[in-house]
1. Spelling out what I want: for every residue of segment 386-396, take phi, set θ = phi - 60°, compute 6.51 cos²θ - 1.76 cosθ + 1.60 (Karplus), and round to whole Hz; glycine and proline get x.
2. When the Karplus curve 6.51 cos²θ - 1.76 cosθ + 1.60 is applied with θ = phi - 60°, which whole-Hz ³J(HN,Hα) does each residue of segment 311-325 get, with x for Gly and Pro?
3. Near the amide H of PHE466, under 5 Å away, which other amide H atoms are found, from residues 5 or more places off or on another chain, if H is placed in the peptide plane?
4. So what's the back-of-envelope 222 nm ellipticity for the chain, counting only DSSP H runs of four-plus at -39500 (n - 2.57) apiece and dividing by all residues, rounded to 500?
5. Principal axis extents for segment 189-340, Cα atoms only, whole Å, descending order, please.
6. Once the convex hull of the C-alpha atoms of segment 1-81 is built, how many Å³ does it hold per residue, rounded to a whole number?
7. With bins 10 Å wide starting at 0, give me the P(r) of segment 114-179 over every alpha carbon pair, in whole percents.
8. Determine, for each peptide in 354-364, 370-380, the mean count of other beta carbons within 10 angstrom over its residues, then list the peptides with the highest first.
Amino acid sequence: MNAHPHQSGERLAVVHNGIIENHEALRRELEAEGYAFTSETDTEVVAHLLERESRQAGDLLTAVQRVLARLDGAYALGVIHAGEPDVVIGARKGSPLVVGVGIGEAFLGSDPLALLQVTDRFIYLEEGDAVRLSAGGRIEVFDAEGAAVEREVQTFEHGDGAASKGDYRHFMLKEIHEQPAVIAAALEGRLGDRSALVESFGPEAEALFRQARQIHIVACGTSYHAGMVARYWLERYAGIPVQVEVASEYRYRQVVVPEGTLFVTLSQSGETADTLAALRFARTGGYLASLAICNVPGSSLVRESDLSLMTQAGPEIGVASTKAFTTQLTALMLLTLALGRVRGLDEAVQAEVVTALRGLPRLVERVLELDPAIEALSMAFVEKHHALFLGRGAHFPIALEGALKLKEISYIHAEAYPAGELKHGPLALVDSDMPVISVAPNDELLDKLKSNLQEVRARGGELFVFADEGWG
Ligand code: M6R
C-alpha cells in the first residue's frame, strides 16, 4: 500500500487506501471524547476509532470488525496493535487488498505486483472481507457478516521479470516498449482467418451479442478515452448506437436504459471505485448483460461481470497508462469485429480489419523506432507552460489522451479539443508560445483537419503533427 501509517497513541497503527466519507462526523465524536488529532486525514480517524474499540473488544479482529460497521466509503486497511504483536489485520471495501501467501509467512498489499518479489500466490479478498494474518503464515478470512470463509489461492501469471525495470530507465518507458508484444498477446487466439472469434468473450457472448441493440460504455481516465475511440468504431463497423460516460458521472445519474443494452466497463486495474460502483448499479438497472474489458484477472470488475475479455497487457507499474491503453483499443477493436460479425458486417471488411490487426504489432515497432526523433521534439516543450492537442473523429479522444499524458508526466497544462471546435473559442489562446499537437492520419477527415491547422499557423502557433508518410 502506498499510504502513510497513522497511529493512535503508542500501541496501534493503521495504513489505509481509499476515502472514509463520514470521517468528519466520526472526528467530532472522537474529539468530544478527548482524542487529539495531529492531522486532517480520514485515516487518523480510523486509527482513533480502532484504538477506542480495541480497549473494549477482546481482540484486534473484533475491534476492526466493529469499526468497519461504522465506516462509509471505500477502504483497504492494514492494522497492527502492540497487544497482539504477531497479528496483522486487513480489511477491504471498495479498494483492492490482496494477501500474499508465502511459506510460513503471509503478506498484505493493495496490488500483487508490490509483493511479487516475495510470492506469486495470492488471495484476492472480496468486498467486505477482513483477514487475520498470524505468526507462521496463518491466514484466516472472514466475510462481511463476520463468518470464517475459504478464499481461493491463485497463482499470479506474469511473475517473470514483471516487477523489474530491466534495462529501462523507468517503468513507463519499459511499458511503452512492451506494446508490440502485448498487443500481439491481446490478439492471440482471438482472430480467425477472416473474422474475430466471438467466443473469446465467453460462451454466452454470441447469444448476448445477437440481442444487443445498443451499448453503454463506462470507465475513468485513460480507459474512458479508449471507450470514446471505440464509439467511432462500433458505430461505423457494427452499426450499433453507443454512449460513453465517465463512471463518476454515470453512477449518480438517473440513467434511462433502453431494452437490449449491453453494459461495458473498461479498466486496467478492475478495481477503480467509480467504475465498480457503476457496474453494481448497472446490474440492477435492466441491462442485457455486463462485459468487463480489463487487464487484471480475478479483479472485482471481472468477477462481478457476466462476460469479460482480458487485455493481456501484463502488469502496469507506471502510473501513467500506455500499454494498458493500446491493448484496450486492441480489445475494443476485437469487440467491434465480434459485434460486427453477428450483426452482418460485410465479410470483406471483417477480413480487411483482421489483416490490419495482425500487422499492428509491427507498425507499433516502427513507431517506437522514432523514439530519438520524438525525444528531440520534446525539447521544444521544456520551457512551455501550456499545450493544445487537436484531433478529429476517433483521433479526438486520442488528443484527449495525449493531453492527459503530458499533464501527468510533465505537469504542463494541456487541453484537447476536437479540431473543428477551434474556431469556436480556443483559437484565441493560440500564439507562438502555445505548442499545438495533432494526430493527422491519412483518412477522410484529413483535409478538414489541415484547414483547422492552417488557422493555427495563421496565428503563429507552433505545430507538431503526427502524420502518415506523404503528409504535405
Ligand atoms: O484502472 P483503471 O483503468 O480503471 O483506472 C482509471 C484511471 O485512473 C486511469 O486510466 C488513469 O487515468 C491513467 N492511469 C492515467 O494515465
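1. Couplings: 9, 8, 10, 10, 10, x, 10, x, 4, 8, 5 Hz.
2. Here the 3J(HN,Hα) series is 7, 6, 6, x, x, 9, 9, x, 5, 7, 5, 10, 5, 4, 5 Hz.
3. SER438, VAL439, ALA440
4. Theoretical 222 nm ellipticity from helices: -11000 deg cm²/dmol.
5. Largest first, segment 189-340 extends 36, 35, 26 Å along its Cα principal axes.
6. Values: hull volume 7.0 nm³, N = 81.
Residue-normalised Cα hull volume stands at 86 Å³.
7. 17, 35, 24, 19, 5
8. Working: 354-364: 14.9, 370-380: 10.5.
Result, highest mean first: 354-364, 370-380.
Where a number appears in this text, it was derived from the coordinates with a stated rule and is not lab data. Since the structure is predicted, the reported quantities are computational estimates derived from the model, not experimental observations. Note: ideal-geometry Cβ built from the backbone for every residue, glycine included; neighbour counts use all protein chains shown.
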